[in-house]
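What follows is a short report on a single structure.
The values are calculated or read from the model by the stated rules, or taken from the named source; none is laboratory data. This structure is a prediction, so every number in the text was calculated from the model and none was measured. Heads up: the accessible areas ignore ligands, DNA and RNA and are worked out on the full protein's heavy atoms, side chains in. Shrake-Rupley method; radii C 1.70, N 1.55, O 1.52, S 1.80 Å.
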Amino acid sequence: MLIDGRWVDAVGGDRFPTVDPECGVELATVPQARSADVDLAVRAAGRAVRAGSPWRTMAAAGRGRLLRRISDLVLENGEELALVASMDDGRPVTFARYADVPMAAQLFRHMADRADRVVRAPIGVVGQILPRHSPLLMAVWRLAPALAAGCAVVLKPAGDTPLPALWIAELVQQAGVPDGVVNVLTGDHHTGRALITHQGVDAVAFTGSAETGQAIATLAAAHPRPVLLEVGGNAPDVVHGGGDLAHALAGPMGDELLRDYLR
């Protein structure tokens, strides 16, 4: 896991497997984060947004440059990212290669262009919990606007599909984002609960089922803070014969994503 700029095992040493859903083959084992690991990550994120820290004092143009660098690295490592996304959640590798990877790079660049167009009022530390589907894009959709706004992130991908988020975290490091700004924890629902209820988290963002969203809203209510829930069923796009398929795949990258991470 990535905590405070270092790749670490869980404090307790526990691990669990991630499996290729197509054939049931174990791809890797990843750390099982528990409350102690969540505390380390949240504290690291808190230090990263503390007054006088490199991230807190960085100008919007600097955040934009870092996001553009991450975008470039996504494209440079696109084949590897596509393969990891395909193996971890079972999507066709061609879809990951020609849709997920370009869209991920586009979103980082889109948010880079908007980093200097927003009021400088980041929420602070954002705890983000992802669903199992579209693990590469889900990680990017949560990370990019939060970074553009100047927040620090503790990201927990789904236990079934943790690998793309870890790969993106590696690229974030390569781009030069200061230590502690992005932290990625792997684990189960106990990890998510510890993250949601941690006193050092200033906002919570969740994508997933309505039932889990309701549970998260209830937990978060005990520690008043903004909660962003993206819940419900599927929302497919239908592209008719005369439609622009390339435009549909690119998708609208609305500024509302960025506003979620500003006061």
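Report, to the nearest whole %, how much of the accessible area of region 1-158 belongs to carbon and sulfur atoms, 1.4 Å probe, protein only. Before the final figure, lay out the partial values.
Numbers: 3490 of 6440 Å².
In region 1-158, the share of accessible area belonging to carbon and sulfur is 54 percent.
Find the all-direction average of the projected area of the Cα convex hull for the chain, expressing the result in square nanometres with one decimal place.
Averaging across all directions leaves 13.5 nm² for the Cα convex hull.
Before I look further, what does the chain give for accessible area per residue, probe 1.4 Å, in whole square angstrom? Each step should come with its number before you reach the end.
Numbers: 11880 Å² over 263 residues.
Here the residues of the chain average 45 Å² of exposed surface.
Looking at the square roots a ≥ b ≥ c of the eigenvalues of the Cα gyration tensor of region 12-168, which shape do they give, rounded for a/c under 1.5, prolate if a/b is larger than b/c, or oblate?
Verdict is oblate for region 12-168.
If you take every DSSP beta bridge fully contained in the chain, what fraction is antiparallel? Give it as a percent rounded to 5.
35 percent
For region 209-223, what does the Karplus curve 6.51 cos²θ - 1.76 cosθ + 1.60, with θ = phi - 60°, yield as ³J(HN,Hα) per residue in whole Hz, taken in order and with x for Gly and Pro?
Each residue's phi maps through the Karplus curve to give 6, 5, 5, 5, x, 5, 5, 5, 4, 5, 5, 5, 5, 6, 10 Hz.
Using alpha carbons only, what's the Rg to Rh ratio of region 1-80 with Rh from Kirkwood?
For region 1-80, the value is 1.09.
What is the distance in Å between the Cα centroid of region 61-114 and that of region 209-234?
27 Å
Please state, as a whole number in µm²/s, the translational diffusion coefficient that the Stokes-Einstein equation yields for region 76-232 at 10 °C and 1.306 mPa s, with Rh defined as the Kirkwood radius across alpha carbon pairs.
Roughly 100 µm²/s, to the nearest whole number.
I need the fraction of alpha carbon pairs in region 42-127 separated by more than 18 Å, rounded to a whole percent.
So the pairs more than 18 Å apart make up 56 percent of the total in region 42-127.
Please compute, for the alpha-carbon atoms of region 168-233, the extent along each of the three principal axes and give them in descending order in Å.
For region 168-233, the Cα spread along each principal axis is 37, 29, 20 Å.
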